[in-house]
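The values are calculated or read from the model by the stated rules, or taken from the named source; none is laboratory data. What you see is a predicted model, and the numbers here were worked out from it, not measured in a lab. Note that each Cβ is placed from the backbone with ideal geometry, even for glycine, and that neighbours are counted across all protein chains shown.
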Amino acid sequence: MSADSDGERVDISTDADVVRVRQAVRAFALRAALSIVDQTKIITAASELARNALVHGGGGFARIALIEENGRVGVRAAFEDSGPGIVDLERALVGGISTAGGLGLGLSGSRRLVDLFALDSDSRGTRVTVTKWKR
Amino acid sequence: MSERIPVVKIGRVLIASIPSDLGDDTALLLQEDLSKQIVEHAASGVIIDISALDIVDTFIGRMLARLASISRVLDALTIVVGMRPAVAITLTELGLTLGGVRTAINSDRAFEILQSLDVREEDDLADLADHVS
């Protein structure tokens, strides 16, 4: 049994699901006893990534879990969609460039808000995983 | 499940308190409602209370910035009040500067700002009247 087997899955197919993802991440951040600022950061990042999955990926799901590694506790949120993928990853991560009329800060901004950021995108979809450790 | 956020009117000021679980649709509805009501009531100010919000992401941030621009065009000043410290820290790190959005610590402060603007406007009008006569 892996450490994150008790993770929660939230499907992302509507606007209201983005709110649901935020609520789920908040619950896990509280359980991990993250500071208020760190809670705010991981919830904000999750909100951006959930909306990305909805708007760019045509929907998908999030999996949120409490993790423990080398005596550290943290929250991990993984997002997966089966959209067309990000064509130019480097540009998407530089920030300030938007393909959906936004500010283009969603991906680059959420990377700055977390401790670990892993992104993997191809023509079958995009997978982003973010982690915030308790300090 | 997009609900409407109630807008309260006090004098020439419109006040809306954002609920904690703000959905994108609700945010867009508020933008429309406020724009309409600014014109309907000839409002001079709009106070948006975000103290219940535990996050402001780029979508909500953009909505606030757009509201500020819309109200400016309609001759009203939008003031965002009650931002939590953690939200301010996160917003800045996210890269959202909210340039062009007036903020105040609380509604009392926002009212003072709006009142001083009204007084200044009246002074200007009085000056103009003196000048003309």
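Just a few scattered comments:
- Residue, farthest from residue B:59 (Cα to Cα), within the stretch A:62-85, restricted to residues that are among the hydrophobic types (A, V, I, L, M, F, W, C), surrounded by fewer than 22 Cβ atoms within 10 Å (Cβ to Cβ) and touching a Ser or Thr at 6+ places or on another chain (Cβ under 9 Å): A:67
- Condition met for residue A:22 (more than 15 Å from the chain's Cα centre (by Cα) and either loosely packed, with under 15 Cβ neighbours inside 10 Å or closer than 24 Å to residue B:66 by Cα (or both)): no
Table: residues versus (1) in a loop (DSSP other than H, G, I, E, B); (2) more than 11 Å from every other protein chain (Cβ to nearest Cβ).
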position: B:56; (1), (2): yes, no
position: B:62; (1), (2): no, no
position: B:65; (1), (2): no, no
position: B:99; (1), (2): yes, yes
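- Every residue from the stretch B:1-45 that is outside any helix (DSSP H, G or I) and of a type in the set (Gly, Ala, Ser): B:2, B:11, B:16, B:17, B:20, B:23, B:42, B:43, B:44, B:45
- Of all residues in the stretch B:36-49, those being within 11 Å of the chain's Cα centre (by Cα) and surrounded by fewer than 22 Cβ atoms within 10 Å (Cβ to Cβ) number 2.
- Sole exception among (1) modelled with pLDDT under 95; (2) part of a loop (DSSP other than H, G, I, E, B); (3) crowded, with 21+ Cβ neighbours inside 10 Å for residue A:52, by number: (2)
- Of the residues making up the stretch A:64-87, those that are touching a helix residue (DSSP H, G or I) at 6+ places or on another chain (Cβ under 8 Å), of a type outside the set (A, V, I, L, M, F, W, C) and assigned to a strand (DSSP E or B) number 2.
- For the stretch B:8-22, a tally of residues being more than 21 Å from residue A:18 (Cβ to Cβ) and surrounded by 18 or more Cβ atoms within 10 Å (Cβ to Cβ) returns 3.
- Among the residues of the stretch A:8-19, those identified as within 13 Å of chain B (Cβ to nearest Cβ) and either surrounded by 17 or more Cβ atoms within 10 Å (Cβ to Cβ) or under 14 Å from the mean Cα position of the chain (by Cα) (or both) are A:12, A:15, A:17, A:18, A:19.
- Sole residue being away from chain B (no Cβ under 14 Å), out of contact with any Lys or Arg (no Cβ under 8 Å at 6 or more places or on another chain) and without any contact (Cβ under 8 Å) to a residue 60 or more places away in the chain, chosen from A:85, A:58: A:58
- When B:127, B:75 are checked against the criterion of being outside any loop (DSSP other than H, G, I, E, B), over 28 Å from residue A:94 (Cα atoms) and either more than 10 Å from chain A (Cβ to nearest Cβ) or among the small types (Gly, Ala, Ser) (or both), B:127 stands alone in meeting it.
- Condition check for residue A:29: over 22 Å from residue A:105 (Cα atoms), in a helix (DSSP H, G or I) and of a type in the set (Gly, Ala, Ser): yes
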